[in-house]
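Have a look at the structure below before the remarks.
The values are calculated or read from the model by the stated rules, or taken from the named source; none is laboratory data. What you see is a predicted model; the values in this text were computed from it and never measured. Counting neighbours? That spans all protein chains shown, and the Cβs are built from the backbone with ideal geometry, glycine included.
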Amino acid sequence: MKIPFSPPYIDDDVKREVLEALDSGWITSGPKVLALEKLVAQQIGIDHVACCNSATSGLMLLLHWYGVTRGDEVIIPAYTYSATALVVMHLGATPVLVDSGADFNVDINKIRDKITSKTKVIMPVDIAGWPCDYTALDALVNEPEIQKQFIPKNETQKKLGRILILADAAHSIGASYHNKPIGNWADFTVFSFHAVKNVTTAEGGAMCVTLPEPFKNEEVYKTLKLWSLNGQTKDALAKTNGAGWKYDIVYPGFKMNMPDLGAAIGLAQLRKYETHILPERKRVFDLYVQHFSKYSWVQLPPHNSEHKKSCYHLFALRIKNITEHQRDQMIEHITATGVSVNVHFQPLPLLTVFRERGFKMDDYPVAYDSYSREISLPIYPELDSIKIDFIVNAVAAAYHLARHLPLSSGEGQG
Ligand SMILES: *Cc1c(COP(=O)(O)O)cnc(C)c1O
C-alpha cells in the first residue's frame, strides 16, 4: 500500500479560496494575507500576527529586530531542524547548542550552564508539536543573577533588559500549554506554514508579537511588516489602489512578504483547523498509541501531561534498545511496504556545516539517543484505520526483521 509521509491538506474549500485569489487579479501580499493574520491572531487569542514567506525568514527578521549580530550568542537545541541554527549564523552570531530531554525538547536545566554575558536570545523548539516548559524558561531569563549578566547593546535590548525568548514554533500551531495556545508564551513565536506543516501556505510563516510592556506590539507589528517588504512605505497593493506612485525606502529591509496565493491555502485550512484537521490528527495519534501500547519494544512519543496539549505534528516513535544501524534497517523494511517514514531530526552536530564548526555529537548524548532510535510515522486526516493497521504492522514486521527475530515470536510483546 502506498502511504505518503505528509501530503498537504487540499480540499474544495482550499481550491475555491485559491481560485478566488486568482480571479481577483491580485496574487501577492494583500487582503488574503491580512485575513490570515487576523484569523491566526483570533485563534491564538492575541492581537498581532505578521505573516512572512517562511518561518526561517520570520526567525531571522526577529533576531535582527533584537539587534543580534557578530559577537552575540543564541541558545538553541541540538535537536532541531537546521534553520533554527542557520538564522543565527546568517546574522554573524554564534549558535550555542543544548542537549535535549527525554521528550525531545531542549533540556531547560542544561540551558543555564550555557548562558554567558554574550547570550542575547534563547530559541526553544516545540518538537513534534509538544510544548516546551515556557514557565521554566521565563523564570530562568528573569532570575536576578541571569539578568545581571545580560549586557544590552542597543535601545531595544535595554528596554527588555534580559534575554529574549524567541519560540521556533514551526511545529506547534494549535498546541497549548497551561490551557493557553502556543503563541502566547514567548516574547515572539514563529509558526511555519511550509508544505509539510499542520497548516500550510506552500511556503510561509507567521510571527506572533507578544512583547511585554513597555513595548507597543502594534508598532512592532508595523515595523516587521515594513522590514519584510524592503522597508518600503507603500506596498504594491496600496500603490495600485490609487495611493499614488511615489514611495520611500525608510529602512534597508528584506524581501520576506507572503503572497496572497499562498495565504489563500492557509486561510481555508485554518478555518477548519480546530474543528476538523486537528481532531483528525489527534484521532490518528490516539490510534497509534492504542496499537503500539501492545509492544514492549516501543517508546511512545510524549502525549500525557496535565499542562501540555500537542498539535500532533509528528508521531515520533522511538524503538527501545536498537542501534542507529538497526533503525535504518527498519526504515528500509518499512519503506519497502510502500509506507513513507522519516527521521526527526538528525541532530545538528551530525550535519557537515555544524561538524565543520566544531560541534561534536558526543556532547549531546540524549539528542543522539533519541535520533538513533526514532522513526516518524505518517500522521494526517486522510489516514483511516485500515491504513493505520497497515502502518503498525509494517513497523512491527520491520522490528522483527531488524532484530532477526522470527515474525511469529512473542518476544518483546508485552
Ligand atoms: C520546518 C521548520 C523550520 C523552517 O520552517 P520554514 O517555514 O520552512 O522556514 C524551522 N524550524 C523547525 C523546527 C522546522 O521543523
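Would you confirm whether or not segment 33-45 contains a residue that is within 26 Å of Pro131 (Cα to Cα), under 16 Å from the mean Cα position of the chain (by Cα) and within 15 Å of the ligand (Cβ to nearest atom)? Yes: one or more hits. May I ask you to list the residues in segment 159-196 that are in contact with a Pro (Cβ under 6 Å, 6 or more places away or on another chain) and near the ligand (Cβ under 10 Å from one of its atoms)? Passing the criteria: only Ala195. Scanning segment 57-83 for residues that are under 20 Å from the mean Cα position of the chain (by Cα) and in a strand (DSSP E or B), which turns out surrounded by the most Cβ atoms within 10 Å (Cβ to Cβ)? Selected residue: Pro77. Checking Thr189, Thr156 one by one, the residue that is over 19 Å from the mean Cα position of the chain (by Cα), within 20 Å of Leu62 (Cα to Cα) and outside any loop (DSSP other than H, G, I, E, B) is Thr156 and no other. Screening the candidates Asp103, Asp113 for the property of being away from the ligand (no atom under 14 Å from the Cβ), assigned to a loop (DSSP other than H, G, I, E, B) and surrounded by fewer than 23 Cβ atoms within 10 Å (Cβ to Cβ) yields one hit, Asp103. Name the single residue, out of those in segment 154-167 being in contact with a strand residue (DSSP E or B) (Cβ under 8 Å, 6 or more places away or on another chain) and under 14 Å from Val68 (Cβ atoms), that is surrounded by the fewest Cβ atoms within 10 Å (Cβ to Cβ). Going through the qualifying residues, I end up with Gln157. Suppose we keep only residues that are in contact with a Leu (Cβ under 9 Å, 6 or more places away or on another chain) and within 16 Å of the ligand (Cβ to nearest atom) within segment 197-223. Which one would you say is farthest from Ile249 (Cα to Cα)? That would be Asn198. Mind checking which residues of segment 315-352 are out of contact with any helix residue (DSSP H, G or I) (no Cβ under 8 Å at 6 or more places or on another chain) and within 16 Å of the ligand (Cβ to nearest atom)? Within segment 315-352, Asn342, Leu351 meet the criteria. Filtered by the rule that a residue be free of Cβ contacts under 8 Å to residues at least 60 places away in the same chain and either assigned to a loop (DSSP other than H, G, I, E, B) or outside the structural domain of Ala41 (by TED's automatic domain parsing) (or both), segment 237-267 gives Gly244, Trp245, Lys246, Tyr247, Asp248, Val250, Tyr251, Pro252, Gly253. In segment 49-64, the residues that are under 12 Å from Gly204 (Cα atoms) form Cβ pairs under 8 Å with partners that are part of a helix (DSSP H, G or I) and basic (Lys, Arg), at six or more places apart or across chains, as follows: Ala50/Lys225.
Output the residues belonging to segment 338-381 that are over 22 Å from the mean Cα position of the chain (by Cα) and within 30 Å of Leu278 (Cβ to Cβ). Once the filter is applied, which keeps residues that are over 22 Å from the mean Cα position of the chain (by Cα) and within 30 Å of Leu278 (Cβ to Cβ), segment 338-381 yields Gly338, Val339. When segment 8-27 is filtered for residues that are surrounded by 14 or more Cβ atoms within 10 Å (Cβ to Cβ), of a type outside the set (A, V, I, L, M, F, W, C) and not in a helix (DSSP H, G or I), the ones remaining, listed by number, are Pro8, Tyr9.
Working only within segment 119-139, note down all residues that are in contact with a helix residue (DSSP H, G or I) (Cβ under 7 Å, 6 or more places away or on another chain), in contact (Cβ under 8 Å) with a residue 60 or more places away in the chain and not aliphatic (A, V, I, L, M). Across segment 119-139, the qualifying residue is only Pro124.
Of everything listed in (1) over 13 Å from the mean Cα position of the chain (by Cα); (2) surrounded by fewer than 23 Cβ atoms within 10 Å (Cβ to Cβ); (3) within 16 Å of the ligand (Cβ to nearest atom), the single unmet condition for Leu97 is (2). Residue pairs whose Cβ atoms lie under 7 Å apart, sitting 6 or more positions apart in sequence or on different chains, and linking a residue in segment 377-390 that is in the same structural domain as Asp286 (by TED's automatic domain parsing) to a partner that is modelled with pLDDT of 95 or more and of a type in the set (D, E, K, R), are Ile379/Arg281; Tyr380/Arg281; Pro381/Glu280; Pro381/Arg281.
Counting only residues that are assigned to a helix (DSSP H, G or I) and not acidic (Asp, Glu), how many does segment 28-56 have? Steps first, please.
Initial filter on segment 28-56 (assigned to a helix (DSSP H, G or I)): 31-44, 55-56.
Restricting the remaining residues to those that are not acidic (Asp, Glu) gives 31-36, 38-44, 55-56.
Residues in segment 28-56 being assigned to a helix (DSSP H, G or I) and not acidic (Asp, Glu): 15 in total.
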